[in-house]
Amino acid sequence: MSDARSDAEAFGPLTPAMFHVLLALAGEDLHGYAILKEVELRSGGKVRLSTGTLYGILKRLLNDGLIVEMRSRPSKSNDERRRYYGLTLRGRQVASAEAERMDEMVAAARSRNLLKKARLA
């Protein structure tokens, strides 16, 4: 096992809310409200984070070095008050390790006939 992977696995398992935030940021840098909407969209409305929960998670992820506050803003952003966040390499490794852990759990559930068929992403 590589040092990067073992370092990333040391963070897991993540809370579902933390994983949703990292997953949202895996696509592009986003501001807080956009993260909330991306999580809601990706979960089909099943996960709705409160702003308090989101900003608590962002604070922890910043402190752990998994995300950074971006200094530059997308050209389409016209609101200077918005803070944009992006994944660090370490954050991407942690999210990837968590996705691998979850994939192993789903495979185990399938082997016990708890899940019948694979879903497409």
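The values are calculated or read from the model by the stated rules, or taken from the named source; none is laboratory data. It should be emphasised that the depicted structure is a prediction, and the values quoted were computed from it without experimental measurement. Cβ coordinates were reconstructed from backbone atoms using ideal geometry, including for glycine residues, and neighbour counts include every protein chain displayed. These area figures cover heavy atoms from the full protein model, side chains too; ligands, DNA and RNA do not enter into them. Shrake-Rupley method; radii C 1.70, N 1.55, O 1.52, S 1.80 Å.
A few notes on this one:
- Summing +1 for each Lys or Arg and -1 for each Asp or Glu among the other residues whose beta-carbon sits under 10 angstrom from that of Leu22 gives 0.
- The calculated P(r) of region 12-62, using every Cα pair and 10 Å bins from 0, goes 26, 64, 9 in percent.
- A cut-off under 12 angstrom between Cβ atoms defines the neighbours of Pro13, and their net charge, with Lys, Arg +1 and Asp, Glu -1, is -3.
- Here the gap between Ser111 and Arg82, fully extended at 0.36 nm per residue and compared with their Cα-Cα distance, gives a gain of 5.9 nm.
- Solvent exposure of Arg82, expressed as accessible area, is near 90 Å², computed with a probe of 1.4 Å over the protein chains only.
- Summing charges over all other residues whose Cβ lies under 9 Å from the Cβ of Gly86, with Lys and Arg as +1 and Asp and Glu as -1, gives -3.
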